[in-house]
Amino acid sequence: MKLATFFHGGTTRIGIVDGEEITDLSIAAPNLPREMMAFLEAGDAAMEAARQAATKGTHLSLSDVTLGPPVLKPRKVMAIGLNYADHVAESGQAAPAHQVWFSKAQTSIAGPHQEVLKPSVSDFLDYEAELCVVIGKRAKHVPKDQAHKVIAGYCCGNDVSVRDWQLRTPQFVLGKSFDTHAPIGPWITTHDEVGDPHTLDIKCFVNSEERQSSNTKHLIFDCYDQIAELSQAMTLEPGDVIFTGTPAGVGGAMDPMQFLKAGDVMRVEIEKLGAIENSVVDEQAEMLIQ
Ligand code: ZN
């Protein structure tokens, strides 16, 4: 099942995507929560009710709606660094003994086709195609062999990075947290539909030029390792998003280096999960105090 958040007729709703159509759950199953995080919190019963509703109900054409980030405001967006051997090598760093975690700000979340801002303060904007895990259960101290049970599903993600801000201090967080720098989507493909998440081809294109091409079988710490590690420290909650790392081919490791500029179009594609496509626009830096 493919669970989407979408905007239509001035409202935000959730729905189930099937081919070129989407079932509006606010009509097909009006008793279900109408927002993804609340829907995921409602657990297996809500998931089953949605599955039933998808077979009936009114369909909208996908082309008539605007897809949003599947989870609008995840409580946590965690991301792992240096998690494909070829990317570790191109970064010139040693393979880490421990999982390297940073967070991305909630305000960095963007939709699957939303414009990504090139910050006014940097010319070192870069892309990172990543498999994202969306958490479906509250979870703490989950061993690796149970970790699949806490996953609602998966989506494409782009861990957009501002390299100079990322690397000028020992902490990645600021350089990874600019507004719009965590586009995700196009929807959550549920765990049962994906099966093994460690067999998926993953690619990134910039203006149709293939920059990254790998497979999630090359993850150093796999999705389940990551949940086991994170859940020793923090309670994972429904809707939390985990960026699982990027393979080789980022612009900052090319020779010569290739950073993004306004007008560039980034496309992240993952087998079984669809694709997200985000164009780059210059940020209009305006002071905001509200
Ligand atoms: Zn990353």
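Just so you know, all these numbers are worked out from the coordinates, no wet-lab data involved. Nothing here was measured: the structure is a model prediction, and the numbers come from that model. Note: ideal-geometry Cβ built from the backbone for every residue, glycine included; neighbour counts use all protein chains shown.
Among the listed pairs K2/K76; K104/K203; K118/K203; K140/K272; K2/K176; K2/K137, a Cα-Cα separation exceeding 25 Å is found for K140/K272; K2/K176. The gain in end-to-end length when the T12 to V281 segment is fully stretched comes to 94.4 nm, 0.36 nm per residue minus the alpha carbon separation. Between E209 and R138, take the C-beta separation as r, use R0 = 41 Å, and let me know the FRET efficiency to the nearest 0.05. It comes out at approximately 0.45. Here the simple spin-label model places points 7 Å from the Cα toward Cβ, and for T66 and H148 these points are separated by 3.9 nm.
Within a straight-line Cα-Cα reach of under 19 Å, K149 can be paired with the following aspartates and glutamates, leaving aside sequence neighbours fewer than 8 residues apart in one chain: E41, D44, E48, D192, E193, D196, D222, D225, E229, E237, D240. Just to confirm the number: angle between the C-alpha axis of helix 43-54 and the first principal axis of the chain, 0 to 90 degrees, nearest 10? The answer is roughly 70 degrees. Beyond 14 Å, what percent of the Cα pairs of region 100-140 remain? Cα-Cα pairs of region 100-140 separated by over 14 Å account for 72 percent. Here K261 is the anchor, and the aspartates and glutamates within straight C-alpha reach of less than 19 Å, apart from those fewer than 8 places off in the same chain, are E115, D123, D126, E128, D159, D164, D179, E209, E210, E277, D282, E283.
Cβ-Cβ distance of K73 and S103, R₀ of 22 Å, FRET efficiency by 1/(1 + (r/R0)^6): the value works out to about 0.95.
On the beta carbon distance between R34 and V173, with R0 = 45 Å, the FRET formula returns roughly 0.90. Axis of helix 223-233 versus longest Cα principal axis of the chain: the two differ by about 90°, to the nearest ten degrees. Here the Gaussian network model covers the chain, with springs between Cα atoms less than 10 Å apart; of P69, P112, P143, P143 fluctuates the most. The convex hull drawn around the Cα atoms of the chain, when projected onto a plane and averaged over every direction, covers 15.2 nm². Length gained on full extension, I289 to R51: 81.3 nm, using 0.36 nm per residue less the C-alpha separation. Remark: the Cα gyration tensor places region 18-153 in the oblate category, a/c being 1.5 or greater and a/b not exceeding b/c. Working value for region 207-290: equivalent-ellipsoid semi-axes of 28, 22, 13 Å, each the square root of 5 times a Cα gyration tensor eigenvalue, largest first. Each stretch of four or more DSSP H residues adds -39500 (n - 2.57); spread over every residue of the chain, this sum gives -4000 deg cm²/dmol at 222 nm.
Of all the options G249, G157, G43, the one that moves most in a Gaussian network model of the chain with Cα springs shorter than 10 angstrom is G43.
Computed from the alpha carbon atoms alone, the convex hull of region 119-243 holds 125 Å³ per residue. For the chain, modelled as a GNM whose springs connect Cα atoms under 10 angstrom apart, the maximal fluctuation among V100, V88, V206 occurs at V100. Working from Cα pairs under 8 Å separated by at least six residues, relative contact order for the chain is 24 percent. With the convex hull drawn around the C-alpha atoms of region 2-67, the volume per residue stands at 73 Å³.
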